[in-house]
1. Quick check on segment 35-187: of the DSSP beta bridges with both residues there, what percent are antiparallel, nearest 5%?
2. Springs between alpha-carbon atoms under 10 Å, Gaussian network over the chain: tell me which of Ala69, Ala78, Ala316 tops the mean-square fluctuations.
3. Select from Gly25, Ile259, Val80 the residue farthest towards the positive end of the dipole of the chain; place +1 on Cβ of Lys and Arg, -1 on Cβ of Asp and Glu, and compute about the Cα centre.
4. Between Asp41 and residues 5 or more places away or on another chain, which pairs have amide H atoms under 5 Å apart, with H built 1.01 Å from N, and which residues are they?
5. Can you run phi through the Karplus equation (6.51, -1.76, 1.60; θ = phi - 60°) for segment 259-274 and list ³J(HN,Hα) in whole Hz, with x for Gly and Pro?
6. What residue among Val210, Ala40, Met288 has its Cα farthest toward the positive end of the dipole of the chain, where the charges are +1 on Lys, Arg and -1 on Asp, Glu, each on the Cβ?
7. No solvent, one uniform scatterer per C-alpha: report log10 I(q)/I(0) for segment 48-93 via the Debye equation at q = 0.21, 0.30 1/Å, two decimals.
8. Rounded to two decimals, what is Rg over Rh for segment 1-144 when you use alpha-carbon atoms and the Kirkwood radius?
Amino acid sequence: SKIEFRPGCRATHLDTRARELTLAGGDRCTYDRLLIATGADSKDLGLDGEQAGNVFGFRTWGDAEAIDAAVRGGARRAIVLGGGLVGVKAAHALVARGVETLVCVASAAPLSQVADRDAGTLAAAALREEGIDVRTGYVPAGFRCEAGRVTGVRFGHPGTVEACDLVIRGKGVSPRVDLFDGSGVDTRGGIPVDAGLRTPVANVWAAGDVVRCRDLAWGEERSNAIWPVAVEQGRAAGLNMAGADVAYEGSVGRNSVRIGKLHLVSAGVLSPPPEGYESRSRLLPRGMGYRKAVTRDGVLVGFISVEREQRGPASAGLFVSAVLSGTRIADLPVDPLEPGPNWEAWATRMPLPAASLPPVGV
C-alpha cells in the first residue's frame, strides 16, 4: 500500500519553509503537498470550572465513552448547555438512558443556527413531548463545584442555580487551526482557501470543518462544519493535490434532524438581515408543521421545512437542491411553501449543485 496510517499520532508544529511537520514525541516528516483536515473541537464556554471531570463535549468517540461511563456510574440529572444539533442529539441519547435532562438555551428557541425562531419553537415543543426539559433565555454564568466536579450550573439569567450530575457543552465548534499559528494567515473562523482548496501557504491545502470558504447562499466566506461539506471539500482537495484542476465553488449549510414525530430540514440563509432579502413563511394546517422560503434578487437562498409526516423530507430535499444550485424561485413549478405536490417528476430536471465534482479519475 502507498498509504502509511499512523493512528494516535498528533502533528504539533508546521514549518512551511522546510515543508516539515513535527509530530508528538518529536518525530518529523517532510511533505511535497500537505492537506490540513484537522476538523474542529467543541467550543469552550469560557467559564471557571469548565475543566471539571464531569463536563463533556459531544464530538468524539472519547466524549461518548466518558459520558457513558458517567451514566453507568450513577449520573441521574444532566444539563445540556446549547440547543443546537449537538445539544439536541445529546439530550435524546441521555433521555433514552433514563437520565433526567435539561436543555438550556440562551436564545429564544433551540436550533437557532439551523432554523429560525418559529421553527425552533416547534422543535422545542417536540423535545418536550420526548420528555426533555427545554429552558430558553438561560445564560450560563458559572459552575458550582465540589471536590473537582460540577454539582450545578449558575445562570446569569434568570439568576438561578440548576443542580446536575454532568454537563454537556453544545455551543458549537471551534476550527482546529493551531498548526497555522505564526503563519501570518488570518484563521479567525477557519483557514481561508481558494476555489482549489489551497491555503495562502504554498503547497498546503485544507478541507473540512477547519476551513472557511465561500458560502454560495450567503455570498461571503463562512464555515459550514457539516459532514457533506467535508466530503465535497476533501475530494476536491485530493484531486487538486494529485494534479487535477477542480474548482470547488463553495458550500451551503444544510441540515436534517428528526425530533420525535417532527422532521426539520433546512438549507442556506434562514434568518436573513432586513436589507436585500425577502422572506415568506406559513404554518401548515392542523399543526402539521411550518415552511419558510428566503430569496435574494429572486433566487431561492434559504429554505426551512418542519413537518410531522414522512413526506416532509421527500419534498423538502428538492428545495434544498434548489438552494444548492441557485435556482430562481420563478423557475420552480410551484410555491415552496406548498407541501402537497408530488415532486418526483421535477427531480430529474433539477440542475446539479454548483459545487458538484467530476467523477473520480479526472
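1. Details: 13 of 28 bridges.
Bridges in segment 35-187 are about 45 percent antiparallel.
2. Maximum fluctuation in the GNM of the chain, among the listed residues, is at Ala69.
3. The Cα lying farthest towards the positive end belongs to Ile259.
4. Under 5 Å from the amide H of Asp41 lie the amide H atoms of Ser174, Arg176, each far enough along the sequence or on another chain.
5. After applying 6.51 cos²θ - 1.76 cosθ + 1.60, I find 10, x, 8, 8, 10, 10, 10, 8, 7, x, 7, 10, 10, x, x, x Hz.
6. The residue sitting farthest along the positive end of the dipole is Met288.
7. -0.76, -1.38
8. Details: Rg = 19.9 Å, Rh = 18.1 Å.
Ratio value, two decimals: 1.10.
Quick note: the coordinates plus some simple rules give every number you see, no bench work behind them. Quick caveat: nothing in here was measured; it's all calculated off a predicted structure. All Cβ positions, glycine included, derive from the backbone under ideal geometry; neighbour counts span all protein chains shown.
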